[in-house]
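For reference, the structure is listed below as structure tokens.
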Amino acid sequence: MAVSRSACMRGGGSSALSMEKLCSLTELQQLEAAYSQLCAEEKVVDVELEELFSQQNAVENKMLSLQRMGPNLQLIEGDAEQLSGMIAFTCNLAENVSSKVRQLDLAKSRLYQAIQRADDILDLKFCMDGVQTSLKNEEYEQAAAHIHRYLSLDKSVIELSRQGKEGSMIDASLHHLQESEQRLKVLVSDKFDAATKAGDLPQVERFFKIFPLLGLHEEGIRKFSGYLCAQVAKKAEENLQLALGSEGKERRAALIFADTLTLLFEGIARIVETHQPIVETYYGPGKLHMLIKHLQAECDRQAEKVVDRFIQQRDYHRKFQQVQGSMMRSSSTEKIEPRDLDPILAEVTLMSARTELYLRFIKRRVLSDFEVGDSMAAEDVKQEHQQSLDKLLNHCLLRCTMQELIGYYITMEEFYMRESVNKAVVMDACEHGQLISSMVDDVFYIVKKCVGRALSSSSIDCLCAMINLSTTMLESDFREVLCNKLRMGFPATTFQDIQRGVTSAVNLMQSSLQQGKFDTKGIETNDEAKTSFLVSLNNVEVCSENIMTLKKNLENDCNKLFSQDLGSESAKAKIESCLADMASVSNKFRDLLQEGLGELNSAAVKPQIKPWINLFLSVSHNIEEEEFNDYEANDPWVQQFIVNLEQFMAEFKAGLSPVIYETLTSLLTSFIALGLEKVVLKSTFSRLGGLQFDKELRSLIAYLTTVTTWTIRDKFARLSQMATILNLERVTEILDYWGANSGPLTWRLTPAEVRQVLALRVDFRSEDIKRLRL
Amino acid sequence: MSMEDYDFLFKIVLIGNAGVGKTCLVRRFTQGLFPPGQGATIGVDFMIKTVEIKGEKIKLQIWDTAGQERFRSITQSYYRSANALILTYDITCEESFRCLPEWLREIEQYANNEVITVLVGNKIDLAERREVSQQRAEEFAESQNMYYLETSAKESDNVEKLFLDLACRLISEARQNALVNNVDSSLPGEGKTISYLNCCNFN
Ligand SMILES: Nc1nc2c(ncn2[C@@H]2O[C@H](COP(=O)(O)OP(=O)(O)OP(=O)(O)O)[C@@H](O)[C@H]2O)c(=O)[nH]1
Ligand SMILES: [Mg+2]
């Protein structure tokens, strides 16, 4: 910078003072000034020059090094050119190599193909030779293995090979092979049939294993199934003949058809068990259902035969018609005794149970086989398999046949239940001292037995139908029976009863004997009617309980049934729904109980109690000291009232179940509280009369507390508050208990009622009462 | 039961001759499909579908019964607890229509008195093979105090409507009953009309 500035100065040739200006100077003073200025300028220039000179060395050094670099740069340029040439060359080379590799790859794969083809051709020849020798030596497994090898050869390779040079030879080989394949197929099939005919199981199994090697899975399974089915049929026929022959002799004769059916199922199960491993090993997983489909067809046929003989031998249809006839009450047919149906009902349910067990077994086996076989299968294949299994299990003839049998069974079981229940009702008796009568226990015993038998069939539809029918029977028929008993009512209270209520029972006995007036029989029947009513109430309550118990027990039993196998969700839901219906009948009995109690309360309890309460009115509470003391010695009302109550209720306490009695006393106390309130409001009180009433009320509450288990104070809250009011010294004293001063007391009386009660006191002035601010 | 997640629960039972399409109607409604190769029902099938109507959850328990005579004793046991019956016939099958009076006798005998019955003529997609005219069916339904609807399980015609209308009817019926029952005093046995005991003559 310094350089440029000095250069500029030099180039400009100028100092601050120009030549002309200097020349024009005339005054010394001016010249001196100019001189000194120039001197100063010179000094500056000197310094600048000095500076520049000091830099000269460095500049020269730099120039030197630059000059030295020149040749190097030329070298570098040459190197760079060389490098670029090399890179281009390498690139070319690489491309060349890779295309060679590609060619090599192709060549290699072709080589492999060629080798494969050669192998295949060799194999083909080997197979052809092998088949022929194997066939000659009757080594069918070997021959089949060759065919299997041939079948698994790539068809296009074979096709290609035929076009090659050795085409004609290969053609010939192929032809031979195909011929051998056909021959082998026929041979194996024939041999299998022969083995079947001879009943030679090892040979049967031997050839069974060969079919899949020849690609004949279906045929193999079909043929093998045929063999197995023939065995099943033979055994079943024997068993059936045995059963028919042994009829009546054996201990289990009554179950002989169920047993025969069981043998059939067990036989098939054993066959599945034994042969599943072979099928799985030689045919692969997921093929079991093919075998089972064929077996099931035979099972259907044989089961039908057994069922047919059962129907024939046991007169099943005739019995059903008889039952149907009896149910329709067209009693032209001979009456059937329910008990006589027991054996046949037991046998049918056992047959059904065995069928269910067997079908569950089949289901498990096929499902687990599918699980392995279909693990990689597409969703629709799985679904198709599921559907075909469903069809197999739910629509097989066996199931239809059993369901039909169950259909008849249900009608007969219903008849059994109804008829037995009718009998229990007719023979109903209540032993002295028993709260309930015999029919309740009997009826529930019968229902439990019938539904239990239906449950033992393991058939969900059968069980549900019987639950439904018992629900219907209990809800309409049996409840109607109890309803009718209650409808007869609790006998209206007679004069004698009132007498007995007032005086003691002994007195009544004596008077009636003395006067000889009373028709003791009349009293007895009256008593009978009473007992009958109370027993019916108890019966209704027990029914309601029993239904819940029955439902719970059935639920547990069903859970057990389901825990044994893969019970479907919908089956569970079915049973749940039917059981819920049954449980709701329990509530209907509860309602009936409440109505019966209401009837008892209004027909017997209220009319009896009411006069005793009204007696309160005949006892003056407008009393003075003397009368008060007199009352103290001879209680005028409450003691007798309590005795009357005690006597009156004793009958109910003895005759009703604790729960019902409890409810009845609750109704009773409510009624007493209400009634007493009414008579109190009709009375007048002195101060001492109020005290007397307070005493009376306390006695009554104390007594009632002992006869009920819950607190009755609440029911008597209003009366207690009335007593408090009637006991006041002054009208204004009420304010000590009212409003802000009420403390823990909650008033059940309205202000108007408080005034009304205050007014009952003869010594309170109505002005004072009116003036009260409540 | 009160703990479950629904406002109403109704039982609907489908009845009618074999092959008229009961199972197909139920499957169409509950699963939205027309089942191919549907086998005859043996006994009873059970399905549940919860629908919502005006913000209320209605659980429909649908019982699909077998039409075949031989399974009758199983299916009849379900009539009594049914809130509604769907009596189905096949419009292309005169015979299935002619059997209706027989079915009505069954209903009379086994169902409860309050049951709602809907008559359904199914398979209207097969119009060209119709054997029972709509008018004839309507007249019959009217004479028997039944609702009538024609459906196609195959084409999904009126199937939704059938069940939803029925659900609506059942709700209003249930509401009415609740009203009647609530008049009763809540105090047990107190001041209550004794309906069970008074409904029939005193002996
Ligand atoms: N075209 C047509 N075919 C139907 C319709 N509904 C059912 N089907 C056919 O009618 C046949 C019987 O139908 P299902 O639903 O099994 O009859 P179902 O009343 O349940 O018979 P059961 O169970 O024996 O009482 C089947 O082949 C169905 O494909 C329909 O709406 N249109
Ligand atoms: Mg069906």
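Of all DSSP beta bridges confined to the protein assembly as shown, the antiparallel ones make up roughly 30%. Shown is the FRET efficiency for A:Ser375 and A:Asp308, computed with R0 = 41 Å from the Cβ-Cβ distance and rounded to the nearest 0.05: 0.45. Hey, quick one: spin label on A:Ala580, modelled 7 Å out along Cα-Cβ, who in region B:8-50 has an amide N within reach, i.e. under 17 Å? Output list for this probe position: B:8-14, B:45-50.
Of the solvent-accessible surface of chain A, computed with a 1.4 Å probe over protein heavy atoms with every protein chain present, carbon and sulfur atoms account for 55 percent.
Going from the chain on its own to the full set of protein chains, region A:567-599 has these residues losing 40 Å² or more of accessible surface (heavy atoms, 1.4 Å probe, no ligands, DNA or RNA): A:Lys574, A:Ser577, A:Asp581, A:Gln594, A:Glu595, A:Glu599. Across peptide A:451-461, the average count of Cβ atoms from other chains found within 10 Å of a residue's Cβ is 1.
Distance between the pseudo-spin-label points of A:Leu49 and A:Asn137 (7 Å out from Cα toward the beta carbon): 12.6 nm.
Heavy atoms only, probe 1.4 Å: what % of the accessible area of chain B goes to carbon and sulfur, would you let me know? Carbon plus sulfur share of accessible area: 46 percent. Buried between B and A is an accessible area of approximately 3200 Å², summed over both sides with a 1.4 Å probe.
Extending 7 Å from Cα along the Cβ direction at A:Thr531 and again at A:Ala759 yields two label points whose distance is 5.3 nm. Helix screen, chain A: DSSP H segments with Cα axial length of 30 Å or more and mean Kyte-Doolittle hydropathy at least 0.5 are A:256-278, A:658-682. With an a/c value of 1.5 or above and a/b larger than b/c for the gyration tensor axes a ≥ b ≥ c computed over the alpha-carbon atoms, region A:178-277 is described as prolate. Classify region A:686-739 as rounded, prolate or oblate, taking a ≥ b ≥ c as the square roots of the eigenvalues of its Cα gyration tensor: rounded when a/c is under 1.5, otherwise prolate if a/b is larger than b/c and oblate if not. The shape class here is oblate.
Shielding of peptide A:399-412 by partners, expressed as the average count of other chain Cβ atoms within 10 Å per residue Cβ, is 4. Remark: the A:Met69-A:Ser99 segment gains 6.2 nm on full extension, using 0.36 nm per residue and subtracting the alpha carbon distance. In terms of accessible area, using a 1.4 Å probe and ignoring ligands and nucleic acids, A:Lys551, A:Lys382 rank largest first as A:Lys382, A:Lys551. The mean count of C-beta atoms from other chains within 10 Å of the C-beta of residues in B:63-75, rounded to a whole number, is 5.
In this rough spin-label picture, where each label sits 7 Å from Cα along the Cβ direction, the A:Asp635-A:Asp390 distance is 7.8 nm. With N the number of residues in region A:382-441, Rg(Cα) / (2.2 N^0.38 Å) evaluates to 2.13. Highest mean packing comes first when the peptides A:622-635, A:104-117, A:687-700, A:345-358 are listed by Cβ atoms within 10 Å, giving A:345-358, A:687-700, A:622-635, A:104-117. Using a Förster distance of 60 angstrom, determine the FRET efficiency expected from the C-beta separation of A:Leu242 and B:Arg129, and round it to 0.05. According to the calculation, E is roughly 0.65. Taking the longest Cα principal axis of chain B as reference, the axis of helix B:100-110 is set at about 30 degrees. The solvent-accessible area of A:Trp710, taken with every protein chain present and a 1.4 Å probe, is close to 80 Å².
Once you have a ≥ b ≥ c as the square roots of the Cα gyration tensor eigenvalues for chain A, tell me rounded if a/c is under 1.5, and otherwise prolate or oblate according to whether a/b is larger than b/c. It is oblate, given that a/c is not under 1.5 and a/b is not larger than b/c.
A:Asn57 to A:Gln29: FRET efficiency via 1/(1 + (r/R0)^6), r the Cβ-Cβ distance, R0 60 Å, to the nearest 0.05? With a Förster radius of 60 Å, E is 0.85.
For the protein assembly as shown, the per residue solvent-accessible surface stands at 53 Å², with DNA, RNA and ligands left out and a 1.4 Å probe.
The values are calculated or read from the model by the stated rules, or taken from the named source; none is laboratory data. Since the model is a prediction, treat every value here as computed from it, not as a measurement. When we count neighbours, we look across all protein chains shown, and the Cβ atoms used for this are built from the backbone with ideal geometry, even at glycine. Please note that ligands, DNA and RNA were not included when accessible areas were found on the heavy atoms of the full protein model with its side chains. Shrake-Rupley method; radii C 1.70, N 1.55, O 1.52, S 1.80 Å.
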